[in-house]
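The structure under discussion appears below in the form of structure tokens.
Quick note: the coordinates plus some simple rules give every number you see, no bench work behind them. Model, not experiment: these values are computed from the prediction. Cβ sites come from the backbone with ideal geometry, for glycine too, and all protein chains shown count toward neighbours.
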Amino acid sequence: MIRYTLRRVAFFFPVLLAASALTFFAIALLPGDPALAFVGEQAEQEQIDHFHRTHGLDRPILERYVDWLAGMVRLDPGRGYLGGATIGDELRTRFPVTAMIMVFIFGFTVFFGTAFGIVAAAMQNRWPDYCLRFFSVLGQAIPDFYLLTLLLLIPAILWRYSPPFGYVPFWEDPLRALQQVVPPTLLISIGGTATLLRVTRAAMLEVLRQDYIRTARARGVGQFPILLRHAAPNAALPVMTLAGALMGGLLGGTVILENITSLPGLGQYTFNAVVQQDLNVVMAMTMYAAFLVLTTNLIVDLLYAAVDPRIRYR
């Protein structure tokens, strides 16, 4: 287990370095001059040159990459083209908002997806199974932004009620914070829940057909212990794989959610940077997303070995 962990951690940093190089050079070599988006296409050459000097765009690209990478390691990616607070300060301010959103979305997705999947497998070809399968197809078909828009429109039209959007820190007013976060995160987790439900159901059905499950039933073991003690752990690997992959999709969900519900998180910050063509912020947010995805994959790989001791690097 220790050797497996060390090898997986050793792969983490070269992949992250490759992601940083791909992110920087892909964005830095985009056609066009970012200065023109901020000082205007009719600006004097002196203004354009001043913008280049201010943001280091007049230096060789390799030198810029090394300085940018060093800043990322120090958690100080510099400033955006629009000035104001540094990117690091914005990250520290906005990260708690996004972290709270992602914890709720991921928690709802994993809890309801696995629970409903186990129920559907245990009640195969009966009405609970049919209802949950219908929900899974419907949940995968409806876009997230449509559900969040309905969250705004339906209460306003039917009951003249507007949900308490905005942001209040959880430690200042826990009840209001939950009212702001729980409804939209519950809605936006429907798509992931539907996908995880289908995978959990398929994995559970495959395990429930194994000989050792039939042997346990023949020995008089109850349905509940069979599902949770014998079947669920052996069906966990594909479920864990999908749960880790869904973490990357949560980043896109936070962008939609934060902009619709006016939550000042990293998703809103990234969206504004893309609209304003603030490439420094876009690069930093892309690396934040890459780090999160790679960290999630590393955790999932380590959990593989914890759940199934047969998984080892040879």
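Assorted remarks:
- Its relative contact order, with pairs defined as Cα atoms under 8 Å and 6+ residues apart, puts region 19-135 at 11 percent.
- Sorted by Cβ density within 10 Å, fewest first, the residues Met240, Met72, Met285: Met240, Met72, Met285
- Sum of -39500 (n - 2.57) over DSSP H runs of 4+, divided by residues of the chain (222 nm, nearest 500): -25000 deg cm²/dmol
- Cβ-based charge dipole, the chain, positive-most Cα from Thr193, Tyr81, Ala18: Thr193
- Difference of contour (0.36 nm per residue) and Cα-Cα distance, Thr54 to Ser262: 71.7 nm
- Relative contact order of region 92-263, pairs being alpha-carbon contacts under 8 Å that are 6 or more residues apart, as %: 35 percent
- Vicinal HN-Hα couplings computed from phi for region 129-139 (Karplus, 6.51 cos²θ - 1.76 cosθ + 1.60; Hz; Gly/Pro x): 5, 4, 5, 5, 5, 5, 4, 5, 5, 5, x
- Whole-number percent relative contact order across the chain, with pairs defined as alpha carbons under 8 Å at least 6 apart: 25 percent
- The convex hull around the C-alpha trace of the chain, projected and averaged over every direction, spans 22.3 square nanometres.
- Residue order, fewest to most beta carbons within 10 Å, for Leu186, Leu151, Leu75, Leu250: Leu75, Leu186, Leu151, Leu250
- If you plug the beta carbon distance of Leu302 and Asn272 into 1/(1 + (r/R0)^6) with R0 = 41 Å, you get a FRET efficiency near 0.70.
- Take 194-204, 124-134 and order them by the average number of nearby Cβ atoms within 10 Å per residue, most first; the result is 194-204, 124-134.
- Residues Ser20, Ser262, sorted so that the one with the fewest Cβ neighbours within 10 Å comes first: Ser262, Ser20
- With at most 10 neighbouring Cβ atoms within 10 Å, loop GluC sites (Glu not before Pro) (DSSP) excluded, longest segment of the chain: 173-314
- Estimated FRET transfer efficiency (Leu17, Thr149; beta-carbon r; R0 45 Å; 0.05): 0.65
- In order through region 220-233: 3J(HN,Hα) via Karplus (6.51 cos²θ - 1.76 cosθ + 1.60), integer Hz, x for Gly, Pro: x, 5, x, 5, 5, x, 4, 5, 8, 8, 10, 7, 4, x
- Backbone HN-Hα couplings from phi across region 181-187 [Karplus 6.51/-1.76/1.60, Hz, Gly and Pro as x]: 9, 4, x, x, 5, 5, 5
- Simple spin-label estimate for Thr241 and Leu138 in nanometres, 7 Å along Cα-Cβ: 3.0 nm
- Over region 92-263, the reciprocal of the mean inverse Cα-Cα separation, the Kirkwood hydrodynamic radius, stands at 17.6 Å.
- GNM on the chain, alpha-carbon springs under 10 angstrom: the most fluctuating residue among Leu257, Leu279, Leu246 is Leu279.
- Given +1 at the Cβ of Lys and Arg, -1 at the Cβ of Asp and Glu and no other charges, the dipole of region 92-263 around its Cα centre is 520 debye to the nearest 20.
- The slack between Thr215 and Val182, meaning 0.36 nm per residue of separation minus the straight C-alpha distance, is 7.6 nm.
- Simple rule: put +1 on each Lys or Arg Cβ and -1 on each Asp or Glu Cβ in the chain, find the dipole, and look at Ala289, Val207, Thr109; the Cα lying farthest toward the positive end is Val207.
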